[in-house]
Each structure stands twice: as structure tokens, then as C-alpha cells.
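Single-structure report; data block below.
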Amino acid sequence: MSGTNFSEDTTAPTLVSYELSSYDFDLSQGDAVIDITAQITDDISGVFDGTFASGVGSSASQARWYSPSGEQYLDAGYFYFPTTGDFLDGTYQDQTVLAANSERGVWNLDSFLLVDEAGNSKNLTQEQLDDLGIQTKL
């Protein structure tokens, strides 16, 4: 975003919504393909696309689920480029696969990392995601 003074940006992005195509899977039939949609907003610099203006790369906004034992995890959403809207208010779509041999049981959305182009970040906990009305059980 040319002309933007990133030094004025001190606030991390906001997660408006996050949804999976389903929260119930029968892995006995094979891998489960999961479509993911998130709406993320940012006030000044825009949601981080994975590469800073300097060319240095880092983690884009993303969600992480953990298996019942906590031994396995699933990254369900790396949000680099909005499919609709823009980096200040965009809807992001991604897809992931829960492998057929994954641990059975209830998985928990453990955290959601939000990052903007100015380097501001916030890692939402499961409790904060619950408070936002986001489904945190899979």
C-alpha cells in the first residue's frame, strides 16, 4: 500500500469470521477435504500477505487445530490474498486435507494468528475464538 505510513499502524488485524465447509468427517472413507473461509480486516496497513516490503517472508494469518491428544495438528487456513474485498477488509479462502489416518475424536481450534503489513500481530486463543462465536470443535 504505497504512501501508507506504517509507523502509525499499531493495531493487529481483526478476525470477523472463520468457517469450515464441515465440522464432522468420516475418515473411514479416506482423506477429508476441508474448504475454509475467513473474513479479516485491518485498519491501516492491511492484512499481511506473507512477504514484507523489504522482501523478508514470514507467517501470514492462519488457524491451527489440535487433535484430542495434542500430538497432531492441522493448519486450516493460510490467508495470503483475499478472494473478495481487499487487504483492509477481505474474505479469504483456502483448503486443507485431514488425512484418513489422522487421530479420531474431537479436534480443537487452538489458535488463530492475525498479522498485518506493519508487523502487528495477535494470536487469538480458543477462549477468544469462542467469545467471537467461532466454532472451535471439529
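Condition check: assigned to a loop (DSSP other than H, G, I, E, B), touching a residue at least 60 places away in the same chain (Cβ under 8 Å) and surrounded by 14 or more Cβ atoms within 10 Å (Cβ to Cβ). Does Ile34 satisfy that? No: the conditions fail for Ile34.
Kindly indicate whether any position in region 39-47 is in a loop (DSSP other than H, G, I, E, B), open to solvent by less than 70 Å² (accessible area, probe 1.4 Å) and either polar (S, T, N, Q) or free of Cβ contacts under 8 Å to residues at least 60 places away in the same chain (or both). The answer is yes; a qualifying residue exists. The residues listed here are Ala53, Ala60, Ala76; of these, the one that is touching a Lys or Arg at 6+ places or on another chain (Cβ under 9 Å) and modelled with pLDDT under 95 is Ala76. Here are the criteria: (1) surrounded by 17 or more Cβ atoms within 10 Å (Cβ to Cβ); (2) polar (S, T, N, Q); (3) closer than 14 Å to Thr14 by Cβ. Tell me which single one Ser121 does not satisfy. Against the list (1) surrounded by 17 or more Cβ atoms within 10 Å (Cβ to Cβ); (2) polar (S, T, N, Q); (3) closer than 14 Å to Thr14 by Cβ, Ser121 comes up short only on (1).
Restricting Asp94, Asp86 to those that are open to solvent by less than 70 Å² (accessible area, probe 1.4 Å) and modelled with pLDDT of 95 or more reduces the list to Asp94. Collect the residues in region 48-73 that are free of Cβ contacts under 8 Å to residues at least 60 places away in the same chain and either open to solvent by less than 30 Å² (accessible area, probe 1.4 Å) or in a strand (DSSP E or B) (or both), keeping them in residue-number order. Gly50, Thr51, Gly57, Ala60, Ser61, Gln62, Ala63, Arg64, Tyr66, Ser67, Tyr73, listed by residue number.
The set of residues in region 102-118 that are in a strand (DSSP E or B), open to solvent by less than 20 Å² (accessible area, probe 1.4 Å) and over 18 Å from Thr41 (Cα atoms) contains only Leu109.
The values are calculated or read from the model by the stated rules, or taken from the named source; none is laboratory data. What you see is a predicted model, and the numbers here were worked out from it, not measured in a lab. Methodologically, a virtual Cβ is constructed for each residue, glycine included, from the backbone with ideal geometry; neighbour enumeration extends over all protein chains shown. SASA here: full protein model, heavy atoms, side chains in, ligands and nucleic acids out. Shrake-Rupley method; radii C 1.70, N 1.55, O 1.52, S 1.80 Å.
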